[in-house]
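Q: If you scroll down you'll find the structure; I have some questions about it.
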Amino acid sequence: RVKEKGKAHFQFYRSDMNSIINNVVELETYLRKAIERNELTLYYQPQVDLLTMKIKSYEALLRWKNQELGHISPADFIPLAEDTGLIIPIGNWVIETACKQIKEWATKGKTDFKIAINISPKQFQQHRLLLIIRTAIEKYRIDPKLLEIEITEGAMQDTKDTAPILSGLKELGVSISVDDFGTGYSSLNYLKQFPIDVLKIDKSFVKDVHSNEKDAAITTTIIHLGRSLGMEVIAEGVENAEQEKFLLNANCQKAQGFLYSKPLPAEEIEKKFMK
Ligand code: C2E
Ligand code: MG
Ligand code: MG
Ligand code: MG
């Protein structure tokens with residue numbers, strides 16, 4: 001009986017919580033306060049070189065934990081942040097926090113890896129992005145080569161400012177990665193026009209790469225395309241040895257996914273991988 005009651009209460013709490021998460025206006029109110037209330041953190045997920053199995057970089061992934069709502073997934077709040085413009089202050093916080101973390105690791109002599117941060121299309125369209133990134137690099141006096149930005153295909157097509165922003169970033173020494181490659185408006189023209197360093201194969205192609213012929217063909221083609229253009233290719237969402245074997249055979253340089261590690265807080269990354 002007691003058990004039943006507990007369960008019912010739990011269910012009520014869940015649905016109540018979900019209704020807030022689904023109520024865009026209410027969720028926005030919470031998200032607005034998230035930065036000042038210190039509710040945001042960056043987790044880091046290793047990106048592994050498939051030949052040496054060494055970690056070459058980490059992707060910084062945003063995490064939001066609210067007292068009442070618990071953990072809210074980026075899949076739920078990033079689109080809302082985009083729609084409301086909140087992605088600008090949140091994105092600035094991400095840039096600042098990642099650069100600060102790079103500095104902290106550099107102080108401990110840990111500099112043999114990059115940190116990749118996600119930049120959303122809205123952020124990319126603001127003129128100050130370049131200034132904000134340069135300011136953070138200068139503030140923490142970090143080597144810009146340790147910073148990589150991940151943008152999606154959508155970010156590049158929506159703005160005429162793409163070329164100057166990307167070349168500005170390259171001049172700074174920051175590298176550029178195309179996230180979720182193949183899922184956006186795939187005009188191959190921008191691969192020719194823009195100074196792109198890395199292609200990230202979306203995890204939707206990687207998921208069944210070892211068993212689905214079409215996914216295998218698409219993945220192999222992206223790897224060839226990237227490598228022929230002198231870009232590095234990384235597969236995301238690698239969860240098992242079959243996928244890894246396929247990618248290695250197909251000449252993919254890097255992989256990221258639960259097979260290696262889930263995203264972890266900076267302290268745990270340090271303990272586990274930076275001994
Ligand atoms: P993304 O940039 O494509 O990030 C990869 C997502 O795949 C992450 O989800 C990561 O936790 C997840 N992932 C990693 N390994 C595996 C795996 O082996 N299997 C599966 N199924 N998933 C895996 P997450 O952290 O929930 O982030 C979702 C999306 O939210 C990101 O996709 C990115 O678009 C956005 N996002 C996250 N952090 C930020 C941020 O700081 N700024 C911006 N603008 N967007 C962010
Ligand atoms: Mg990403
Ligand atoms: Mg991705
Ligand atoms: Mg993705």
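Q: Using a probe radius of 1.4 Å on heavy atoms only, what accessible surface per residue do you get for the chain? Whole Å² is fine.
A: Numbers: 14610 Å² over 275 residues.
In whole numbers, the chain has 53 Å² accessible per residue.
Q: From the P(r) of the stretch 131-198, could you give the percentage of C-alpha pairs in the tail past 15 Å?
A: So the portion of pairs separated by more than 15 Å is 52 percent.
Q: What longest range of the chain stays clear of loop-exposed GluC sites (Glu not before Pro) (DSSP non-H/G/I/E/B, at most 12 other C-beta within 10 angstrom)?
A: The answer is 69-275.
Q: Same structure, new question: D for the stretch 201-275, whole µm²/s, Stokes-Einstein with Kirkwood Rh over alpha-carbon pairs at 20 °C and 1.002 mPa s: what number?
A: Estimated diffusion coefficient is 165 µm²/s.
Q: When the helices in the chain are scored as -39500 (n - 2.57) per DSSP H run of 4 or longer and the sum is shared across all residues, what 222 nm value do you end up with, to the nearest 500 deg cm²/dmol?
A: Roughly -15000 deg cm²/dmol at 222 nm, from the helical runs in the chain.
Q: Quick one: pull the percent of accessible area on the chain belonging to carbon and sulfur, 1.4 Å probe, ligands and nucleic acids left out.
A: Accessible surface attributable to carbon and sulfur in the chain totals 52 percent.
Q: Find the percent of Cα-Cα distances in the stretch 164-243 that exceed 21 Å, and round it to a whole number.
A: 30 percent
Q: Moving on. Stokes-Einstein at 25 °C, 0.890 mPa s, Kirkwood radius from Cα pairs: D for the chain in µm² s⁻¹?
A: The estimated diffusion coefficient comes to 123 µm²/s.
Q: Using amide H atoms built in the peptide plane, which far-off residues or other-chain residues are under 5 Å from Ala116 H to H?
A: Tyr58, Glu59, Ala60, Glu148
Q: Another question about this same structure. Using only the alpha carbons of the stretch 57-162, what is the convex hull's orientation-averaged projected area in square nanometres?
A: Computed as one quarter of the Cα hull surface, the answer is 7.5 nm².
Q: Using amide H atoms built 1.01 Å from N in the peptide plane, name the residues 5+ places from Glu232, or on other chains, whose amide H lies under 5 Å from its own.
A: HN-HN under 5 Å from Glu232: Val198, Leu199.
Q: What fraction of the DSSP beta bridges in the chain is antiparallel, stated in percent and rounded to the nearest 5?
A: For the chain, the DSSP antiparallel bridge percentage is about 40.
The values are calculated or read from the model by the stated rules, or taken from the named source; none is laboratory data. These figures come from a predicted structure and were not determined experimentally. Because the Cβ atoms are built from the backbone with ideal geometry, glycine has one as well, and the counts that use them run over all protein chains shown. Note: areas computed on protein heavy atoms with side chains; ligands, DNA, RNA excluded. Shrake-Rupley method; radii C 1.70, N 1.55, O 1.52, S 1.80 Å.
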